[in-house]
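For reference, the structure is listed below as C-alpha cells.
The values are calculated or read from the model by the stated rules, or taken from the named source; none is laboratory data. For clarity, every value in this text was computed on a predicted model and none was experimentally measured. As a convention, Cβ positions derive from the backbone with ideal geometry for all residues, glycine included, and neighbour counts pool all protein chains shown.
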Amino acid sequence: MSSSSEEPGASAELAVRAPRQDLIQRSHQRSAALGLTRGERREFGPLIRSDLNLARERNQRLCNHAAPVMQLLLEQIVHSESMIVLTDAQGTILHTVGDDDFLQRADKVALAPGANWAEHSKGTNAIGTALFEEVATLVHAHEHYMHANHFLTCSAVPIFDPRGNVLGVLDVTGDQRGYHQHTMGLVRMSARMIENHWLSDDFNSRVRLHFHAHAAFIGSLLEGIVVMAPDGRIVGANRAAMDLLGLSGAALRAQSVMSLFGTTPSAIHDHFSLPMPAPMRLALPGGQVLHAMARCEWPARALALGGVERAAMPPAVAPQPCMPIEQPHLDLQYLRTGDAQVELLVGKLRRVVNRDIPLLVLGETGTGKELLARAVHNESNRARQPFVAVNCASIPESLIESELFGYEDGAFTGARRKGAVGRIVQANGGTLFLDEIGDMPLPLQARLLRVLQERSVTPLGSSKAIPVDIALIGATHRNLREMIEAQTFREDLYYRLNGLALRLPALRDRSDLEALVRRILLAERPQDPPELSPQVLDMFRRYAWPGNIRQLANVLRTAAVMSAGERQITPLHLSDDFLEEARGPGRAPAPVFAMSMTTPVGEATPAEPPPPEPPATLEKAELAMIRAALAATDGNVSAAAKQLGISRNTIYRKLRGEP
C-alpha cells in the first residue's frame, strides 16, 4: 500500500472532497453536542461474553452472509497493517479479522468485538458516522474526534436490506500512514456482495431481473437487481439498481415491470422459455436501453440453463415467469434432429449413461453443451435429483472457491449454523455440470481433483469432510491439451474429467439446420409457427454462424416477433447487423422491404431480389405504398397490412419514421 500525509486523496477534486469535509464537520458538531471532548477516552465497557454471543445470535444472518466476504476482502488487504470490522445496526462490533499486530494495537482503543463505535460512544469515526449518515464514510487520522484514534484511517460502508433498512456496517481500519485510495472501493464492493446475497436469500422463490446498460456487466457487482412478484410488482431491489435507475428503494417498490421497463411478466416468461436465451432488452421511460437476465430459485433445486436459473416449482407455488426444469422431452431423443454427427454422439452417450463415467463436452461457444448435459442427466437414473450448473468463467476468481465448496460460518464468527452449502454439495445425488472448466483457476483445480478422488468435499473454514455422490460433466471451448502444455491446466485433472470426450459440431458443420429452425420457431410461436422464405433459408445455409445455435435462436426469436401475423420470415424481419454479416463485406443491402410488399400474401419471396434503389427513394416508396393501402382501406391498419403482406407493427413503425 502506498502511504500519504494525514489528509488522504490530496489530488482528488475539490468537488468530490468538499461534501466529505461537510460530513466530517457535521459529525464533529454532533460529537461536541453530546458532551464528548477530544482528549477523553470515553469507554462504554465492551459487552460481556454472553451479551456478545446474544448480539451475534440476533445478527446471525448478517454474520453468515458477511463471513466469506470478509475472508475474501482480507486476502486483498493482507500484510497492510489493517483489519476488517463488522458491526450491527447499533455500532456494536460483532467480528474482526486482520493482521495480528494491528489487531493488538486496535484492541488498545477498544476496536474489538463487543465494543460500541456509534458516535455517542466514540465521536466522529467511520463506523458511527456511516451509521448516522447512512452513507459510505472515510475518516482519516485527525478527522477522528478523539485524539486516541488519530493513528487510524477508516473506510466504512453501511449494509442495507432490500427494503432500505440498515443491517450494520462493514469497515476496513488501518494505520493512517498506510492509507490507500482504493480501500473504499474494496469495501463498497464487499458490502454490495453481502447485500446481494441477502436479497437472493430474502426472495429466493421470486423472479429476479439482473440488468445493466452493458450486457457484459450482468453477473458483476455493477449489475442492478430487482425482484418481481407474479403480478409484475417490484418488491425488492439492490443498491446498484437504485443507482442505475436513480430511484430510492421506496420509489422502486411503487413500480411494476410495466411502468419501469415497459414489459410484462408474460413477455419475460416468453423470452426466457427457450434454452440459451440472450439478454432481454428493456427500455426505461426516458428511452435508455438496458439488458437483463432473469433468475429464480427454490431451495435445493436451484438450476441454471443458458445463463438463466430455472427451478422445479413446488405444487403450492403459483406459476411465475420462471420455467420448470423438468421437461419430459429434454432427453437424448430430443437431441436427435437428423444430423449424422449428433446421431453418433447420442449413440455413444446411451452406452455410458448410468455407468459412472465422467463426460467432457468439447465444442465452440453456443453449440449447446449445457443442453446436452441436461439431456444426459434427464436420461439417467439421477433425473429426479438436482442438476447443478456452474459456469466457471462467469464467477469471479475470488468467489469461485466458496461458490463450489461452500464455507463453514462457525469458523469465522462462532456461529452454530453453516454459512453456505457449496454447489458440489447441492448436486449430491444428482449431476454437477462444470461449464467452461478450462477457466477454473489453477489452485482450485487441485481442490476439485481431490474432491473427485475422495468423493468428499471440505467447506472453507471446516475440517469436516462431507461425502458426495455426483455424476460429473465438464465442458469447455478451450483446447485443454494446449493448456496442459502451457501449464495452465492440470494434466491429472484432465484425465479425471475425460472419461469420455465428446465434441459437439459447430452449426455450420451440421446438416439439420432446417430442423433446428422449425423447433425454435415452434417454441417461439406455437400457435402459428412461421416458415423461412427461400431467400432467408439460402442466407442461413451460407452463413458461418460464429455464435452457433445460441446465435440462431436469438436471430429467430427477433424474427418471430417482427413477423407476428405473417406466414413467412423474410429479410425484412431480420436485424440489420445480422443482414450485414450474412451478406458479407462490400455487398449492397437488398431492398427487402419493397420486395416483401410486392410479393402477394401466401406466395414465396423471389430468390433473387430486384435491383437495389437509392435508400431515400426506397423509403419514400415504402411510405407511399403504406399510405396508399391505408387510403384504399379507409384507414383500416389490419386490412392494409393484409393487403401489403406485412405486419401491423411494421406499418406503425414505418409511419413513425423508424427503420
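Some notes on this structure:
- For segment 192-231, the set of residues classified as without any contact (Cβ under 8 Å) to a residue 40 or more places away in the chain and in a helix (DSSP H, G or I) consists of 199, 216, 217, listed by residue number.
- Counting only residues that are part of a helix (DSSP H, G or I) and within 27 Å of residue 481 (Cβ to Cβ), segment 378-402 holds 3 of them.
- Filtering segment 268-293 to residues that are surrounded by fewer than 20 Cβ atoms within 10 Å (Cβ to Cβ) and at pLDDT 85 or above leaves 281, 282, 283, 284, 285, 288, 289, 291.
- Lone qualifier among 48, 77, 84 - being touching a Leu at 6+ places or on another chain (Cβ under 9 Å), of a type in the set (Val, Ile, Thr) and at pLDDT below 90: 77
- Filter pass, residue 267 being over 15 Å from residue 207 (Cβ atoms) and either assigned by TED's automatic domain parsing to the domain that holds residue 233 or in a helix (DSSP H, G or I) (or both): no
Conditions tested, residue by residue: (1) buried (at least 22 other Cβ atoms within 10 Å of the Cβ); (2) among the acidic types (Asp, Glu); (3) touching a Phe, Trp or Tyr at 6+ places or on another chain (Cβ under 8 Å).
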| position | (1), (2), (3) |
| --- | --- |
| 143 | yes, yes, no |
| 165 | no, no, no |
| 176 | yes, no, yes |
| 183 | yes, no, no |
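- Among the candidates 622, 608, 603, 524, the residue that is within 23 Å of residue 280 (Cα to Cα) and either surrounded by fewer than 17 Cβ atoms within 10 Å (Cβ to Cβ) or modelled with pLDDT under 85 (or both) is uniquely 524.
- Failed item, numbered, when residue 91 is tested on (1) surrounded by fewer than 20 Cβ atoms within 10 Å (Cβ to Cβ); (2) over 21 Å from residue 407 (Cα atoms): (1)
- Contact map, segment 92-119: residues that are free of Cβ contacts under 8 Å to residues at least 12 places away in the same chain and closer than 29 Å to residue 25 by Cα paired with residues that are buried (at least 16 other Cβ atoms within 10 Å of the Cβ) and among the acidic types (Asp, Glu), Cβ distance under 7 Å, separation 6+ or inter-chain. No pairs are found.
- Filter result for residue 548 (assigned by TED's automatic domain parsing to the domain that holds residue 447 and in contact (Cβ under 8 Å) with a residue 12 or more places away in the chain): no
- Residues in segment 49-72 that are in contact with an Asp or Glu (Cβ under 6 Å, 6 or more places away or on another chain), part of a helix (DSSP H, G or I) and not small (Gly, Ala, Ser): 64 only.
- Residue in segment 168-180 that is aromatic (Phe, Trp, Tyr) and at pLDDT 90 or above present: no
- The set of residues in segment 367-393 being of a type in the set (Lys, Arg) and buried (at least 22 other Cβ atoms within 10 Å of the Cβ) consists of 369, 374.
- Meets criteria (more than 26 Å from residue 76 (Cα to Cα), under 18 Å from the mean Cα position of the chain (by Cα), crowded, with 17+ Cβ neighbours inside 10 Å and of a type in the set (Gly, Ala, Ser)) for residue 213: no
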